[in-house]
Ligand code: DP6
């Protein structure tokens, strides 16, 4: 497993006993959550910096159910950066991972220049070990939690003084949605206006305790890998959809303010209405792309109808669906309505392979657990 892999690497990389006595190995670990957007990020104005064409909003999900644990280690004897994901060694050279490491090392260099007594961690190799507590096959995007954990673990290892919003700009370069996993509760990613991305960062809209009874049911419709990965899907949309121009200019800016307010007001009916509308707006611009991008399947559409029927029957919105770049549904509702929301048409279950019940959760957490000791 990854732990063993790491230890073998470590022991092989030096003059075993002697070096183990004299070389200090610095380590840090963190966990980071998954987030599911209620106002979708779809479209980049700068591909390499991952600058979005619109601001977005998400709910952070509980790490009891879904989380990435990442441990990092560095030592003078580590000559290269290395990465293990879910027990398998992976290339560290993807441009996105490299962009994150470069930024973090730069910030560490600043500290070392200010205080020459600090060990020169910026010059040593990093060993990074990361594991999810949920199967990648759960059909859930793991890149957000993954990049958030990577960036937070290294910022801890380097003892960087920057706050979470600042660090979120680095996570953003790994994967846009990752910047939102640096906070718990209700989170916005402010798109910013600058070309260098210095103001494109995550901010907390409200902490978990502000609206703690928010629950999420993840209906896993398919474990398959996405049809069209989000990165390329959004490029197609930006390049070809006319409707997309309307979405980013007329629809999202207003919705962004309204959704933040609905969270501050704990107004579920408003929040749910905006969440469903935004999911449908996002899937509409996908369909309006050329060639069209389809993420919803027949089961997804049945879930949409069922939730509308339920809300109709209740006379108010008590449940809200949202779909990312795939057919799996996330249904948000308040805890007190759980029994109403979970009673559902047996037809639905034919297309659903499993349901994960979870709730709003905390941001990245320090942990005693380590994958490297
Ligand atoms: C539909 O963050 O995965 O889930 O920045 O290219 O890595 P990259 O894209 P990614 O896109 C997420 C798209 C989405 C909506 C959202 O999470 O806001």
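Rule-based calculations on the coordinates, nothing more; no lab input. Keep in mind it's a predicted model, so treat the numbers as computed, not measured. Neighbour counts run over all protein chains shown; Cβ positions are idealised from the backbone, glycine included.
Here are the numbers:
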read-out	value
Most to least packed among 72-80, 301-309 [average Cβ atoms within 10 Å]	72-80, 301-309
Alpha carbon centroid spacing (whole Å) that separates region 170-227 from region 88-102	21
At 1.002 mPa s and 20 °C, Stokes diffusion of the chain via Kirkwood alpha-carbon radius, µm² per second	100
Packing-based exposure ordering (other Cβ within 10 Å, fewest first) of 83, 126, 150	83, 126, 150
Of all DSSP beta bridges in the chain, antiparallel share, percent nearest 5	95
Hydrodynamic radius (Kirkwood) for region 215-290, which is based on Cα pairs only, to one decimal in Å	14.1
Values of log10 I(q)/I(0), in the order q = 0.26 Å⁻¹, for region 166-230 under a Debye, Cα-only, solvent-free model	-1.04
Hull volume in cubic angstrom per residue (convex hull over the Cα atoms of region 126-273)	165
Relative frequency of Cα-Cα separations exceeding 18 Å in region 279-373, percent	56
Distance histogram in 5 Å bins (all Cα pairs of region 29-156, percent per bin)	2, 10, 17, 21, 18, 16, 10, 5, 2, 0
Degrees between helix 230-240 axis and first principal axis of the chain (Cα, 0 to 90, nearest 10)	60
Angle in degrees between helix 2-12 and the longest Cα principal axis of the chain, rounded to the nearest 10	20
Additional length obtainable on full extension of the chain from residue 115 to residue 339, 0.36 nm per residue less Cα span	74.8 nm
Degrees, to the nearest 10: 252-264 long Cα axis against longest axis of the chain	80
